[in-house]
Amino acid sequence: MMFRILVRSDKPFYYAPRNSSFVDALSHALITIILFSGPWLLPFIPFAVLGAVIPDADILFVRVSDRNPSLYLFTHGGIAHSIAGVFVLSLLAYSTVVLLAAAGIIPSVAIAAAGLYGFCAVLAGALLHILIDVSAIPGIPLLAPFSDRKYTLGILPGPSLLLAVAAFGFVVVTVFSFVPFSSALAFYGIIVILYVAVRAGIFLIAAIALPGWKIPSINPFRWLVIGEDADSYTIRFFTFFRGYSNEAVFVKFKTTDARETGAVSHLPEVRRFRFFSYIEAAERTGSVLVLSDPLREKNFLYYPMKYKRVEVNLDTST
């Protein structure tokens, strides 16, 4: 049996995350500076910050996966956010720094003094980045390129608006000298600790009190709860102190079945769609099989913002 893609999911309009990625990288950098502020670690802060921001350079990969669906892991939150990916990026970043120092473009004294520990600091910053990101929805493919499965603790929403706003505020107050850098950094650290503590506490309560798969929202007291059986998904919002609301049911298969949807799993466009999706609903009309993520199509969730559906022509000709 041969298959032909009729529609390539959504048109690439993934522009908003480019701005949020910059602020997100800034948050990672600030958290890394705080954690490396010990007396013995101070010389390694530039290396660690470099490692903390390089995973988000994958925003430059987006056009690659847009043009070639088989390279769908080359996207923001893709292979650069895996364990293997950050190791390779750290090695490339540190090698680049060493070459620039050897060429006299940047000072070589700090590079020579750091030695191998400089690379270790870059790698530590990069691993800290993915440790933070794995706590957020929708998760990251930790084992890529060996597996595209996403892993997440599901504690934080992705992206985190509060941390982004706090990071932007940090830049404003320091650039305009409203607050000394050290004081602003300490205040930012307190915000991060309180935010994560509150989110983690509410996550534990939700894990005990709510059945099914739970997705946090920007409002820490509001969660998307997904129930699943063999035939359908049940979607409900749960707000603490108010209960459930906005229930919706999405059938998994309409005039098709798991065997037919499984038969198209090898197609790059289908694999790309599934990488970006939370749940999958399938419907066949004639020879056209439509796979969609109703959570994003119906605006229950807005992120990721593209590849919400893909249509496949089940062409039986040879």
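Normalised radius of gyration (Cα atoms, divided by 2.2 N^0.38 Å) for the chain: 1.13. What is the list of residues in region 271-286 whose amide nitrogen lies under 12 Å from a point 7 angstrom out from the Cα of Arg259, following Cα to Cβ? Nothing falls inside the zone, counting backbone N under 12 Å. Of interest is the spacing of the C-alpha centroids, which for region 40-68 and region 82-108 amounts to 11 Å.
At 7 Å along the Cα-to-beta-carbon direction for both Asp315 and Leu41, put a label point, then send me their distance in nm to one decimal. Distance between label points: 5.7 nm. Rg and Dmax, both from the Cα atoms of region 35-94 and both in Å, are 14.1, 47. Helices in the chain, meaning DSSP H runs of at least 4 residues, each add -39500 (n - 2.57). Divided by all residues, the mean residue ellipticity at 222 nm is -14000 deg cm²/dmol. Given +1 at the Cβ of Lys and Arg, -1 at the Cβ of Asp and Glu and no other charges, the dipole of the chain around its Cα centre is 300 debye to the nearest 20. Applying 1/(1 + (r/R0)^6) with R0 = 22 Å to the Cβ-Cβ distance of Leu204 and Arg242 gives a FRET efficiency near 0.65.
To the nearest ten degrees, helix 161-175 and the longest principal axis of the Cα atoms of the chain are 30 degrees apart. Taking the Cα centre of region 183-271 as origin, work out the dipole magnitude from +1 charges on Lys and Arg Cβ and -1 charges on Asp and Glu Cβ, in debye rounded to 20. For region 183-271, the charge dipole is close to 320 debye. For Ala103 and Leu143, a Förster radius of 41 Å and the Cβ-Cβ distance give a FRET efficiency of 0.65, rounded to the nearest 0.05.
Each of Gly77, Tyr117, Asn219 was scored by the projection of its Cα onto the charge dipole of the chain, and the greatest displacement toward the positive side belongs to Asn219; charges sit on the C-beta of Lys, Arg, Asp and Glu. Once both labels are positioned 7 Å from their Cα atoms along Cα-to-Cβ, the gap between Val88 and Tyr303 label points is 2.5 nm. FRET efficiency for the Val251 to Ser70 pair, using the beta carbon distance and R₀ = 22 Å, is estimated at 0.15. Annotation: extensible slack from Tyr151 through Val288 equals 46.2 nm (criterion: 0.36 nm per residue apart, minus Cα-Cα distance). Residue-normalised convex hull volume from the C-alpha trace of region 211-251: 61 Å³ per residue. For region 31-178, the Cα-based Rg and Dmax, in that order, read 16.7, 49 Å. Computed over the alpha-carbon pairs of region 185-307, the distance histogram in 10 Å steps reads 11, 34, 29, 17, 6, 1, 0 percent, short to long.
Model label points for Val175 and Asp231, set 7 angstrom from Cα along the Cα-to-Cβ axis, are 5.7 nm apart.
Across region 234-280, Cα-Cα distances exceeding 12 Å account for 73% of all pairs. Among Gly51, Gly115, Gly85, the largest mean-square fluctuation in a Gaussian network model of the chain (Cα springs under 10 Å) belongs to Gly115.
Between helix 116-133 and the chain there is an angle of about 40 degrees, using the helix long axis and the longest principal axis of the Cα atoms.
Here, each number is a calculation from the coordinates, and none is a lab measurement. Quick caveat, the model's predicted, so the values are computed rather than measured. A quick note on method: Cβ atoms are made from the backbone with ideal geometry, for glycine too, and the neighbour counts reach across all protein chains shown.
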